[in-house]
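**Student:** The structure is given below, and queries will be raised subsequently.
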Amino acid sequence: MGISTTAAAWTGRREERRQRAVDSLALDPGRDARFNRITRLARTALRVDWSSITVLDRDRAFFPGADGFDITEMARQDTFCDRTTEDDRLTLVEDATRDPRYAELPAVLDSGIRFYAGVPLRDSLGNNVGVFCVYDTEPRTLSDDELESFQDLAAWAEQELVASSERAQAGMIQAALLPAAPVRVDDWDVNGACLPALAVGGDFYDYGASQGVLHLGLGDVMGKGAGAAMVGAGVRTTMRATHQAVVAGADLGTVTTEVAAALETDLDRAGSFACVFQAALDLADGTLRYVDAGLGLALVVRADGTHERLTARDRPIGLLPDDHWTEQSTVLAPGDRLLVFSDGLVDLLDDPVAWEEPVAALVAEHAEAAALLSSIAELAAERVATDDVTALAVFRRGEGGA
């Protein structure tokens, strides 16, 4: 194998890795306000005509962030950034008409671009996933101060580009851990929603039915973002592992105490704790056994319009070592509705302290769990939620299916 053949094979492997890295970004089509902000600042600070964050996706180039032009995508081979990606280094072109690598590009011939500066944007493994660049219609260069500013902006763009991918993937993974579909058994309608304030959050909900028993839970882990999401996933997994014992009739206070013991070291090392509501619902007679570990946000709206807050004095999981929890019980009769939720919903209300009446009214307005959750999602969007909003709804239809 000759040197040229070896070089071509290496280049091919590098491009294959680069494309896989681009695929993993999972970028939405169109412009992103976060990226547009960076390119707008670059155009102003460096006094250039165009600026863009360019991503090469197989044989096309697209621009998740740009300022100064409206093109959404173009052929990869027609871009300055294709050459920058090939060279894999900072590229400065003072006058494109005098450089044979760029003189015939459409941007030069049709749009009059003369100056170009581009720097590769790399992921955590060093793969080139994009190019940050500026263009001008006059030949020029960048002073030392301008070059430093340009590279600072490129570093910002790189961080946002890679972080957006990580957030998107974390969000997809977290969503995949939630129940795939609502539960509709006989006269029961069970559904949930989790709306993180960031791409991911520390809230979770879970449910599953077997042996005529619905095992359900909702948790709110201290904190936001990826760290809280990781802790929340651990709490959820540990709770789910108790499912067979719960549906077999195990005391929920004992089960929660065992869950807390299993999580004690992890929560202590993470400096975190979790507020949790866990319950077992007998689908035949409506008996609801539950433990409230510091959440305090569970409301039953009765068929006659009255409401009842499910209360307990137990502390969150992970707050104190060797703590214990106690099982409580109530009954969901035909026509009753249960809503368990995180404090992110309370924060959306006009008076977060006096939340019972407005939440009860919200529950009473809807005949189906999905409709209630949609209304909560609309409220979160309208009020701009600053904390994770998670809700778990259990509706029992009234006599005759009403």
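The values are calculated or read from the model by the stated rules, or taken from the named source; none is laboratory data. Treat the numbers as computed from the prediction; the structure is a model and nothing was measured. FYI the Cβ positions are ideal-geometry reconstructions off the backbone, even for glycines, and counts take in every protein chain you see. All accessible areas refer to the heavy atoms of the entire protein, side chains included, with ligands and DNA or RNA removed. Shrake-Rupley method; radii C 1.70, N 1.55, O 1.52, S 1.80 Å.
**Student:** Quick one: count up the residues across the range 341-371 that are assigned to a helix (DSSP H, G or I), free of Cβ contacts under 8 Å to residues at least 60 places away in the same chain and more than 18 Å from Met222 (Cα to Cα). Step through it out loud before you land on a result.
**Tutor:** Going residue by residue through the range 341-371, those that are assigned to a helix (DSSP H, G or I) are 343-346, 356-364, 369-371.
If we keep only those that are free of Cβ contacts under 8 Å to residues at least 60 places away in the same chain too, we end up with 345-346, 356-358, 361-362, 371.
Narrowing further to those that are more than 18 Å from Met222 (Cα to Cα): 356-358, 361-362, 371.
So the answer is 6.
**Student:** Just to be sure before I move on: is Gly296 closer than 30 Å to Thr265 by Cβ, under 30 Å from the mean Cα position of the chain (by Cα) and in a helix (DSSP H, G or I) in the structure I sent?
**Tutor:** Taking the combined requirement at face value, the residue does not satisfy it.
**Student:** For Arg43, indicate whether it is farther than 18 Å from Leu105 by Cβ, crowded, with 20+ Cβ neighbours inside 10 Å, out of contact with any Leu (no Cβ under 6 Å at 6 or more places or on another chain) and in contact (Cβ under 8 Å) with a residue 60 or more places away in the chain.
**Tutor:** Yes: the conditions hold for Arg43.
**Student:** Continuing with the same structure: Please tell me if Phe273 is within 20 Å of Met239 (Cα to Cα), crowded, with 19+ Cβ neighbours inside 10 Å, within 31 Å of the chain's Cα centre (by Cα) and in contact (Cβ under 8 Å) with a residue 60 or more places away in the chain. Explain how you work it out, then say what you get.
**Tutor:** On the way: within 20 Å of Met239 (Cα to Cα): yes; crowded, with 19+ Cβ neighbours inside 10 Å: yes; within 31 Å of the chain's Cα centre (by Cα): yes; in contact (Cβ under 8 Å) with a residue 60 or more places away in the chain: no.
When the stated conditions are applied, Phe273 does not pass them.
Residues are listed down the side, and each one gets a yes or a no for (1) loosely packed, with under 15 Cβ neighbours inside 10 Å; (2) of a type in the set (Val, Ile, Thr):
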| position | (1), (2) |
| --- | --- |
| Ala66 | no, no |
| Thr72 | yes, yes |
| Ala75 | yes, no |
| Thr85 | no, yes |
| Val93 | no, yes |
| Asp99 | yes, no |
| Ala103 | yes, no |
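**Student:** Looking at the range 231-269, which of its residues are of a type in the set (A, V, I, L, M), within 25 Å of the chain's Cα centre (by Cα) and part of a helix (DSSP H, G or I)?
**Tutor:** Val231, Ala233, Val235, Met239, Leu263, Leu267, listed by residue number.
**Student:** Tally up the residues in the range 122-151 that are in contact with a Ser or Thr (Cβ under 6 Å, 6 or more places away or on another chain) and at pLDDT 95 or above, please.
**Tutor:** 3
**Student:** Somewhere in the range 199-222, is a residue modelled with pLDDT of 85 or more and assigned to a helix (DSSP H, G or I)?
**Tutor:** no
**Student:** Select from the range 304-318 the residues that are part of a loop (DSSP other than H, G, I, E, B) and surrounded by fewer than 16 Cβ atoms within 10 Å (Cβ to Cβ) and list them in ascending order.
**Tutor:** Matches in the range 304-318: Asp304, Gly305, Thr306, Thr311, Arg313.
**Student:** Here is a further query. Quick check: anything in the range 10-33 modelled with pLDDT under 85, touching a Leu at 6+ places or on another chain (Cβ under 9 Å) and open to solvent by 40 Å² or more (accessible area, probe 1.4 Å)?
**Tutor:** Looking for residues that are modelled with pLDDT under 85, touching a Leu at 6+ places or on another chain (Cβ under 9 Å) and open to solvent by 40 Å² or more (accessible area, probe 1.4 Å), one finds at least one in the range 10-33, hence yes.
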